[in-house]
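The values are calculated or read from the model by the stated rules, or taken from the named source; none is laboratory data. Worth saying up front: this structure is predicted, and the values here are computed from it rather than measured. A quick note on method: Cβ atoms are made from the backbone with ideal geometry, for glycine too, and the neighbour counts reach across all protein chains shown.
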Amino acid sequence: MYSKENIREWLMRSMNDPFAKILSKNSNLTKTQLETLLIDILAENITEKTLKTEEKAKLRLLKADISRGSFNRTLQQARKNVIQSIYTILLLGYLGIFEDTRLDPYLEVANKLQTYMSAYKDMIGNEGTKGEYLRIVRMLHEELESSLERLSKPRTR
């Protein structure tokens with residue numbers, strides 16, 4: 001069984017992950033909203049039991065000891081931002097915007113991210129060739145991080 005500290009450590013690792021930092025900095029979610037959403041969605045998966053809102057609120061790192069109402073308001077804001085982002089993606093797809101070649105670098109980064117995650121999961125599950133997997137994962141990590149940094153900087157025309 002996982003303790004509150006295990007969950008908070010996992011949450012801290014997630015929030016401090018270099019890719020998560022770059023992606024969240026350029027997303028529609030505030031750090032607090034992202035943290036709250038992660039707690040709401042993933043804490044129960046980790047503990048394998050249903051957590052009350054009060055328990056979830058106590059897991060927060062950024063501003064611990066908040067009220068149930070404050071946690072719920074932040075969670076609602078996060079969910080609204082995620083849903084609006086999904087609708088934006090759907091709208092752009094419907095209007096054919098994704099066929100514009102200017103979006104190709106973003107699609108390439110999405111594919112690199114998927115490749116990285118797949119290689120990382122393989123590395124964790126495969127003890128025998130860990131050295132080679134580690135080299136590949138490091139290389140993908142560096143390439144992906146530089147791509148994300150490059151795309152996050154505004155371009156002038």
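Could you say which residue among ILE22, ILE86 is aliphatic (A, V, I, L, M), closer than 23 Å to LYS153 by Cα, modelled with pLDDT of 90 or more and not assigned by TED's automatic domain parsing to the domain that holds GLU145? Even if it seems obvious, please write down each step before you answer.
On the way: ILE22 fails: modelled with pLDDT of 90 or more.
Residue meeting the stated conditions: ILE86.
Out of the helices (runs of 4 or more DSSP H) lying entirely within the range 1-115, which hold 1 or more residues that are closer than 22 Å to LEU148 by Cα and charged (D, E, K, R)?
Values: elements: 4-16, 18-25, 31-47, 53-57, 68-94.
Here the list reads 4-16, 18-25, 31-47.
Are any residues in the range 65-96 over 19 Å from GLU35 (Cα atoms) and surrounded by 13 or more Cβ atoms within 10 Å (Cβ to Cβ), and if so, which ones?
LEU92
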